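Data block below; observations after.
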Amino acid sequence: MSSTTHRVDSPNRLGEHAVVLGAGMAGLLAARVLSEFYDSVSVIERDRLPDYPCHRRGIPQGRHVHNFYSRGLQVLGELFPGLLEDLARAGAVVVDDGELSNFYVRFGRYEMKRSGKFADPAALSLHMASRPFVEFHLRRRVKALPNVTFLDGHDVVELVTTGDIVNGVRIIRRYNGFLTELDADLVVDAMGRSARTPAFLENLGYERPTENRSVARYKYASQQLSIPEGSITQRLVMFNPGGGKPGGLLLACEHDTWTLAIGQPTDAGEPPTDFAAMLALVEPSLPPAIVEGLRRAHPIGEAVTYHHSAAIWRRYDQMSRFPSSLLVLGDALCSFDPTYGQGMTIAALEALTLRDCLRVGDAQLAQRFFRASAHYIGQTWAANQARSRVTSPTHDRNSMRERLQGWMSRAALNASTRDVVLTERFFRVSNFVDPPSRLQDPALIPRIVWGNLRARFARKRTRAAVVAVTPLPEPLSVRA
Ligand SMILES: Cc1cc2nc3c(=O)[nH]c(=O)nc-3n(C[C@H](O)[C@H](O)[C@H](O)COP(=O)(O)OP(=O)(O)OC[C@H]3O[C@@H](n4cnc5c(N)ncnc54)[C@H](O)[C@@H]3O)c2cc1C
């Protein structure tokens, strides 16, 4: 099967043909990077790919709220100059003025500061839209690359190998069962959570990778909404009250639509799919003004649910033997807990890692790529585990270190409810602009101590005021 070829200029050129398996976020970004190094790139996709933004079968999670963090968007802009402007022109919601009033973020019992302005708004700008919308615009850009060809409506069957080298892939056309073999200098598995590579490896006589797993904590229900303009002043509402209560995300999306996603703890039964019941569930965790805005919302279509939310990191970085000319990225490498909405941003970071690795050649490519990506995947994995501990009602904080970390996190969150500098630092870290270590910056300690003291004084003052306005108890004789 032929694909468009144009000879890549040396010194970048690494080969004739690279094949990407899967046209989701990770596959599209990988194809863009590979087009710099291979004469032609083929993207194999099981679904027929539509010429307009719409849901498709291969991305069931795309019906749920899907947000790119700021760093992920910066990578999109770097790989596709002008793409963010395209998104904005086509109707994505842009939040780039740094005003904290755009956000409501509640974590445990702490609400992040809601007024003031970030010192560096550009670093934290967001373009918010539905998954089909963003994927469509990204796919359009990749399709426009002269040496990238899409083979949609094709299922990946197996890898083709010679000894320890992967040199192609067998694919089957879904509508007529026509089998084709594609030669390739590099094959990249970006087939998402279905993760086919462990079975491929086993069939080829390799071991499967070991897995880090964290159990599914939530079942999801998402509902698209139309909300009358001005009913909700925020653009992004994120709440995770913890203590076994449901959390969620409300996101302003393209063309005046919104998406509300609710995560119901797995042991609390099925999440509701009726909007009134969804509203009743989240009401206790949200400020009255947001609840009031949600009461004016109209559901668009039916709510959808999602249950398979376990986080799995396949440790290809720890394998002693791995075939050459094969890579795995995106959810196929590590699928995170969807509560944290990090998968697309991580896929974008992996695309940059892939580019960096390819720039120094293709020798030991897989080992270098897995090692380099394990750095930030590991940081994100560890940070998620720590965050889950802060809000978990049952987690037993055994070690002194865990107890200290938990105490520090709560103190920092408490202080950030009044401190714009701390709030901005939290946003920068959760948006992948800064590494998690920036939250342990010793320079923040005075702010955290001062913030906690202020909170304590404020609580005392409130208590004193409540006592002052509460009528004294009537004498016992009168009550009787
Ligand atoms: C409920 C939920 C909510 C989420 N919310 C967010 C969020 O807010 N922000 C965020 O960043 N991430 C979010 N994620 C994660 C995000 O969806 C993924 O991390 C991201 O899509 C990873 O992209 P991928 O390309 O690896 O996989 P996918 O996007 O799943 O793409 C895989 C592609 O491979 C194709 N494919 C599969 N098998 C074959 C085959 N045999 N042959 C050919 N093609 C095949 C599929 O059709 C699909 O197109 C969420 C996930 C879930 C489950």
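The values are calculated or read from the model by the stated rules, or taken from the named source; none is laboratory data. Small disclaimer: the values here were computed from a predicted structure and weren't measured. FYI the Cβ positions are ideal-geometry reconstructions off the backbone, even for glycines, and counts take in every protein chain you see. Side chains are part of the model used for accessible areas, which takes the heavy atoms of the whole protein and leaves out ligands, DNA and RNA. Shrake-Rupley method; radii C 1.70, N 1.55, O 1.52, S 1.80 Å.
Pairs under 9 Å by beta carbon, first residue closer than 19 Å to Asn240 by Cβ in the range 287-301, partner in a strand (DSSP E or B) and open to solvent by 60 Å² or more (accessible area, probe 1.4 Å), six or more apart or different chains?
Close Cβ pairs (under 9 Å, with a partner that is in a strand (DSSP E or B) and open to solvent by 60 Å² or more (accessible area, probe 1.4 Å)) amount to Pro287/Glu111.
Only one of these is open to solvent by 30 Å² or more (accessible area, probe 1.4 Å), under 18 Å from Leu28 (Cβ atoms) and under 30 Å from the mean Cα position of the chain (by Cα): Leu151, Leu138, Leu145, Leu186. Name it.
It is Leu145.
In the range 223-245, which residues are within 14 Å of the ligand (Cβ to nearest atom) and either open to solvent by less than 20 Å² (accessible area, probe 1.4 Å) or of a type in the set (Gly, Ala, Ser) (or both)?
Residues satisfying the conditions are Gln223, Leu236, Val237, Asn240.
Would you be able to say whether some residue in the range 408-429 is open to solvent by 50 Å² or more (accessible area, probe 1.4 Å), part of a helix (DSSP H, G or I) and among the hydroxyl-bearing types (Ser, Thr, Tyr)?
No: zero hits.
Give the range 258-299 a look and list any residue that's open to solvent by 20 Å² or more (accessible area, probe 1.4 Å) and assigned to a strand (DSSP E or B), or say none.
Passing the criteria: His298, Pro299.
As an exercise: evaluate Glu302 against (1) within 10 Å of the ligand (Cβ to nearest atom); (2) surrounded by fewer than 18 Cβ atoms within 10 Å (Cβ to Cβ) and give the number of the one condition it does not meet.
(1)
Working only within the range 141-156, note down all residues that are closer than 17 Å to Ser40 by Cα and not in a loop (DSSP other than H, G, I, E, B).
Scanning the range 141-156 gives Arg141, Val142, Lys143, Val148, Thr149, Phe150, Leu151, Asp152.
Just a yes or no: is a residue in the range 165-185 acidic (Asp, Glu), more than 21 Å from Asp39 (Cβ to Cβ) and assigned by TED's automatic domain parsing to the domain that holds Met344?
Taking every residue of the range 165-185 in turn, none turns out to be acidic (Asp, Glu), more than 21 Å from Asp39 (Cβ to Cβ) and assigned by TED's automatic domain parsing to the domain that holds Met344.
Pairs, please: C-beta under 6 Å, at least 6 apart or cross-chain, first residue within 17 Å of Val157 (Cα to Cα) and free of Cβ contacts under 8 Å to residues at least 24 places away in the same chain and in the range 200-211, second in a loop (DSSP other than H, G, I, E, B) and not β-branched (Val, Ile, Thr)?
Glu202/Arg208
Criterion first (part of a loop (DSSP other than H, G, I, E, B) and under 30 Å from Gly168 (Cβ atoms)) does Glu207 satisfy it? Steps first, answer last, please.
Values: part of a loop (DSSP other than H, G, I, E, B): yes; under 30 Å from Gly168 (Cβ atoms): yes.
Here the answer is yes, as Glu207 does meet what is asked.
This table checks each residue for (1) out of contact with any Asp or Glu (no Cβ under 8 Å at 6 or more places or on another chain); (2) not small (Gly, Ala, Ser).
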position	(1), (2)
Gly82	yes, no
Asp97	yes, yes
Ser101	yes, no
Ser115	yes, no
Ser130	no, no
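Which condition number does Met344 fail, the rest of (1) away from the ligand (no atom under 16 Å from the Cβ); (2) in a helix (DSSP H, G or I) being met?
(1)
Would you say Arg355 is touching a helix residue (DSSP H, G or I) at 6+ places or on another chain (Cβ under 6 Å), surrounded by fewer than 22 Cβ atoms within 10 Å (Cβ to Cβ) and either under 26 Å from Thr197 (Cβ atoms) or hydrophobic (A, V, I, L, M, F, W, C) (or both)? Steps first, answer last, please.
Numbers: touching a helix residue (DSSP H, G or I) at 6+ places or on another chain (Cβ under 6 Å): yes; surrounded by fewer than 22 Cβ atoms within 10 Å (Cβ to Cβ): yes; either under 26 Å from Thr197 (Cβ atoms) or hydrophobic (A, V, I, L, M, F, W, C) (or both): yes.
Here the answer is yes, as Arg355 does meet what is asked.
Can you tell me which residues in the range 103-115 are buried (at least 16 other Cβ atoms within 10 Å of the Cβ) and outside any strand (DSSP E or B)?
Once the filter is applied, which keeps residues that are buried (at least 16 other Cβ atoms within 10 Å of the Cβ) and outside any strand (DSSP E or B), the range 103-115 yields Gly108, Met112, Lys113, Arg114.
Could you identify the single residue in Arg32, Arg48, Arg71 that is modelled with pLDDT of 95 or more and more than 23 Å from the chain's Cα centre (by Cα)? Working first, answer last.
Values: Arg32 fails: more than 23 Å from the chain's Cα centre (by Cα); Arg71 fails: more than 23 Å from the chain's Cα centre (by Cα).
After ruling out the rest, the residue left standing is Arg48.
Could you list all residues from the range 36-63 that are in contact with a Pro (Cβ under 8 Å, 6 or more places away or on another chain) and among the small types (Gly, Ala, Ser)?
The one that is in contact with a Pro (Cβ under 8 Å, 6 or more places away or on another chain) and among the small types (Gly, Ala, Ser): Gly62.
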